[in-house]
Amino acid sequence: EKIQDASLDEKKVVFSFEFFPPKTEDGVDNLFERMDRMVAHNPTFCDITWGAGGSTADLTLDIANRMQNIICVESMMHLTCTNMPVEKIDHALDTIKSNGLQNVLALRGDPPHGQDKFVQTEGGFACALDLVKHIRGKYGDYFGITVAGYPEAHPDVIGSNGVASLEGYQSDLAYLKRKVDAGADLIITQLFYDTDIFLKFVNDCRQIGITCPIVPGIMPINNYKGFLRMTGFCKTKIPAEITAALEPIKDNEEAVKAYGIHLGTEMCKKILAHGIRTLHLYTLNMEKSALAILMNLGLIEESKIQRPLPWRRPTNVFRV
Ligand code: FAD
């Protein structure tokens, strides 16, 4: 079934888990074991990323199909335009269709390694809008289509001062509306750590007539260096209180994880308090933080978690 239907239920809070294709066969086996445990908590769907530049195409297809048919969870496959002539795009879509998947996250993709600007592949698409149009044109209503939204604007629009100009932000938003008007059913956002920015973004989307569900992408902080790398790459604003809380504990991995769970829980609480009913967790293929946040929110039961949760010991190592 298409995932937007579940995301539209305003009475129930639903959640989903994102994974990426591991580099080794052992990694893939581990991921499936983890997914199996995580799916026991009834996520609305799980999704698998498309490696940068199409580097994991076959593995992504394989994982997407196994998620849907072996793990038996509603699955969404990411698909990007980078290095993908239309035949390859159609091969990917035909493959998941013949395996019963009905959900795609249509993306432009980032430039391949070593390039700093996105270049359209010969016979391929220039942006996610083109991909959305193609999927609707060729496959009709078969697929539920999700697109990416950027609460702080896409990094291309963000200046050296770390923020987008009003003009850049507004043109990004207008372009997002074109993706929705072309047939996207759902928006998942880029990660953010300033919840007010996300809430303003939802409001701004509604103001310009975007009516589909907008799902916040939540990335629990698991590790200090990883957090800096990811927020640097995505040009994400880090609120001063988060920097202040992390600085003194940055070398204590357990404390950083505990803070990440605390912060993720508080962010989700605030988002839910504003009437948003869906949460998308960027798991980075790890289960503890995502599950701990959902448990803190009362969305999953501790009895179903198949491992002890040592990180839930009361801790005073961080201050907020
Ligand atoms: P687009 O929607 O095409 O937009 C890119 C930028 O170009 C925006 O600033 C937009 O405003 C501008 N733009 C494009 N066309 C026009 C136009 N005609 N007029 C005006 N402005 C235009 N990357 C991967 O490689 N694999 C993944 O699996 C993956 N998953 C992701 C999941 C989510 C939820 C998100 C938020 C991002 C993901 N990414 C992934 C990263 C994504 O590929 C990059 O952010 C990429 O740079 C942009 O992709 P997009 O689909 O948002 O592009």
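Among the residues in region 103-112, are any touching a Gly at 6+ places or on another chain (Cβ under 9 Å), within 19 Å of PHE17 (Cβ to Cβ) and either in contact (Cβ under 8 Å) with a residue 40 or more places away in the chain or within 13 Å of the ligand (Cβ to nearest atom) (or both)?
Checked against the condition, which is being touching a Gly at 6+ places or on another chain (Cβ under 9 Å), within 19 Å of PHE17 (Cβ to Cβ) and either in contact (Cβ under 8 Å) with a residue 40 or more places away in the chain or within 13 Å of the ligand (Cβ to nearest atom) (or both), region 103-112 yields at least one hit.
Among (1) in contact (Cβ under 8 Å) with a residue 40 or more places away in the chain; (2) within 16 Å of the ligand (Cβ to nearest atom); (3) surrounded by fewer than 20 Cβ atoms within 10 Å (Cβ to Cβ), where does HIS41 come up short?
Here HIS41 meets the rest and fails (2).
From the list LEU176, LEU186, which residue is closer than 16 Å to HIS154 by Cβ and touching a strand residue (DSSP E or B) at 6+ places or on another chain (Cβ under 7 Å)? Break it down stepwise before answering.
Values: LEU186 fails: closer than 16 Å to HIS154 by Cβ.
It is LEU176.
Run down GLY226, GLY260 and say which single residue is modelled with pLDDT of 95 or more and in contact with a Pro (Cβ under 6 Å, 6 or more places away or on another chain). Outline the logic, then answer.
On the way: GLY226 fails: in contact with a Pro (Cβ under 6 Å, 6 or more places away or on another chain).
GLY260 is the lone residue from the list that is modelled with pLDDT of 95 or more and in contact with a Pro (Cβ under 6 Å, 6 or more places away or on another chain).
Scan region 263-278 and give yes if some residue there is buried (at least 17 other Cβ atoms within 10 Å of the Cβ), more than 19 Å from the chain's Cα centre (by Cα) and of a type outside the set (A, V, I, L, M), otherwise no.
The answer is no; no qualifying residue exists.
List the strands (runs of 3 or more DSSP E) that sit entirely inside region 1-97 and contain at least 1 residues that are more than 17 Å from the chain's Cα centre (by Cα).
By residue number, no strands (runs of 3 or more DSSP E) qualify.
Every residue in region 161-171 that is surrounded by fewer than 21 Cβ atoms within 10 Å (Cβ to Cβ) and in contact with a helix residue (DSSP H, G or I) (Cβ under 6 Å, 6 or more places away or on another chain), please.
GLY168
Looking at (1) under 27 Å from ILE96 (Cα atoms); (2) more than 9 Å from the ligand (Cβ to nearest atom); (3) part of a loop (DSSP other than H, G, I, E, B), which one does LYS133 not meet, given that it meets all the others?
It is condition (3) that LYS133 fails.
Looking only at region 136-159, which residues are outside any helix (DSSP H, G or I), within 14 Å of the ligand (Cβ to nearest atom) and surrounded by fewer than 17 Cβ atoms within 10 Å (Cβ to Cβ)?
Taking region 136-159 as the starting set, the residues that turn out to be outside any helix (DSSP H, G or I) are 140-154, 158-159.
From what's left, within 14 Å of the ligand (Cβ to nearest atom): 145-154, 158-159.
Residue satisfying the conditions is GLY159 alone.
If only one of THR56, THR60 is modelled with pLDDT under 95 and within 16 Å of the ligand (Cβ to nearest atom), which one is it?
Numbers: THR60 fails: modelled with pLDDT under 95.
Result: THR56 is the single residue among THR56, THR60 that is modelled with pLDDT under 95 and within 16 Å of the ligand (Cβ to nearest atom).
Restricting the first residue to region 12-30 and requiring it to be loosely packed, with under 12 Cβ neighbours inside 10 Å, which pairs with a second residue that is in a loop (DSSP other than H, G, I, E, B) meet a Cβ separation below 7 Å and a spacing of at least six or different chains?
From residues that are loosely packed, with under 12 Cβ neighbours inside 10 Å, the pairs are LYS12/ARG277.
The values are calculated or read from the model by the stated rules, or taken from the named source; none is laboratory data. Since the structure is predicted, the reported quantities are computational estimates derived from the model, not experimental observations. When we count neighbours, we look across all protein chains shown, and the Cβ atoms used for this are built from the backbone with ideal geometry, even at glycine.
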